[in-house]
Amino acid sequence: NRQCRIADNRQHQQELQQVYNNLADDWSRDVFAASLNYKLSGKLHYLWQSETERLKDLQSIFSWSEEETYADLGAYNGDTIREFLQLTNNKYNRIFAAEPDKRNYKKLSAYLEASGLSDIKIFERAIWKETAELSFSDSGGRHIVQAVDIDTLLEDERVTYIKMDVEGAEMEALKGGKEQIKRNKPKLFIAAYHHDADIFLLPLFMWQLVPEYKVYLRKHPYVPAWELNFLAA
């Protein structure tokens, strides 16, 4: 059932309908409607019915080459670098990885040191709309972290793929990467589950930057509504 349950007088109806109409495929519209129905009803079965496998989605929606330059923003312990290596058969150009959580950064560093991978730069940084100091809560408590915008972090690199799961700062991160995104039109994998409004604000901004982006929405297994992701190419 692809009917989008949006009450006539509900705030943001126009933006929700615009995104729904312009998503790249019917499955994206199913996921969009299921996510709204879950938020309105609290019934998890809407989400379970729309789940797909993350790796298969990355393989089917995106094309991959041996010349990928990857920006892993919110790199955790290296799990999404391992995912990238699987997608590219360990053949790539460069990798940039940013992770602000001190414990996760240590795990990421240890993984990369043990892996022997080359052409990788890692940064103990949060991603934001500008270079700044931010109050950040992680596994070690609340403290000040250094934040950087994508355009500054990547400078003149021609990045082909950006994965972004930055704890609710996705919109600010996109704003800080607008020149990189407009110039290079990289594949985007953007977390959409941190704020309710992200389901329409994020794709609208992606289209503002690159009107020709085909934007897909996928729900990957996790309970309750985590792992809702936009993929743009």
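Tell me which of these residue 129 doesn't satisfy, since it passes every other one: (1) over 25 Å from residue 64 (Cα atoms); (2) over 19 Å from the mean Cα position of the chain (by Cα); (3) basic (Lys, Arg).
Checking residue 129 against (1) over 25 Å from residue 64 (Cα atoms); (2) over 19 Å from the mean Cα position of the chain (by Cα); (3) basic (Lys, Arg), the one that fails is (2).
For residue 172, are the conditions met, namely being surrounded by 17 or more Cβ atoms within 10 Å (Cβ to Cβ), at pLDDT 95 or above and in a helix (DSSP H, G or I)?
On the way: surrounded by 17 or more Cβ atoms within 10 Å (Cβ to Cβ): yes; at pLDDT 95 or above: yes; in a helix (DSSP H, G or I): yes.
It is true that residue 172 is surrounded by 17 or more Cβ atoms within 10 Å (Cβ to Cβ), at pLDDT 95 or above and in a helix (DSSP H, G or I).
Taking the criterion of being touching a Lys or Arg at 6+ places or on another chain (Cβ under 6 Å) and touching a residue at least 40 places away in the same chain (Cβ under 8 Å), would at least one residue in the stretch 78-89 satisfy it?
yes
Here is a check on your reading of the model: is residue 216 outside any strand (DSSP E or B), under 15 Å from the mean Cα position of the chain (by Cα) and not hydrophobic (A, V, I, L, M, F, W, C)?
So residue 216 fails the test.
Is it the case, given these coordinates, that residue 156 is surrounded by fewer than 20 Cβ atoms within 10 Å (Cβ to Cβ), over 28 Å from residue 18 (Cβ atoms), at pLDDT below 95 and of a type in the set (Asp, Glu)? Let's see the steps before the verdict.
Working: surrounded by fewer than 20 Cβ atoms within 10 Å (Cβ to Cβ): yes; over 28 Å from residue 18 (Cβ atoms): yes; at pLDDT below 95: yes; of a type in the set (Asp, Glu): yes.
In short, yes.
Kindly indicate whether any position in the stretch 196-210 is open to solvent by 20 Å² or more (accessible area, probe 1.4 Å), within 27 Å of residue 63 (Cβ to Cβ) and in contact with a strand residue (DSSP E or B) (Cβ under 9 Å, 6 or more places away or on another chain).
Yes, because at least one residue in the stretch 196-210 is open to solvent by 20 Å² or more (accessible area, probe 1.4 Å), within 27 Å of residue 63 (Cβ to Cβ) and in contact with a strand residue (DSSP E or B) (Cβ under 9 Å, 6 or more places away or on another chain).
Consider the stretch 52-61. How many of its residues are surrounded by fewer than 20 Cβ atoms within 10 Å (Cβ to Cβ) and in contact with a helix residue (DSSP H, G or I) (Cβ under 9 Å, 6 or more places away or on another chain)?
4
Go through 92, 20, 76 for me and flag whichever is among the aromatic types (Phe, Trp, Tyr) and open to solvent by 90 Å² or more (accessible area, probe 1.4 Å).
Of the residues listed, the single one that is among the aromatic types (Phe, Trp, Tyr) and open to solvent by 90 Å² or more (accessible area, probe 1.4 Å) is 76.
Taking the options 181, 144, 150, name whichever one is surrounded by fewer than 16 Cβ atoms within 10 Å (Cβ to Cβ) and β-branched (Val, Ile, Thr). Break it down into steps so the answer makes sense when it comes.
Numbers: 181 fails: surrounded by fewer than 16 Cβ atoms within 10 Å (Cβ to Cβ); 150 fails: surrounded by fewer than 16 Cβ atoms within 10 Å (Cβ to Cβ).
After ruling out the rest, the residue left standing is 144.
The values are calculated or read from the model by the stated rules, or taken from the named source; none is laboratory data. Owing to the predicted nature of the structure, the values given are computational and were not obtained by experimental measurement. Because the Cβ atoms are built from the backbone with ideal geometry, glycine has one as well, and the counts that use them run over all protein chains shown. Side chains are part of the model used for accessible areas, which takes the heavy atoms of the whole protein and leaves out ligands, DNA and RNA. Shrake-Rupley method; radii C 1.70, N 1.55, O 1.52, S 1.80 Å.
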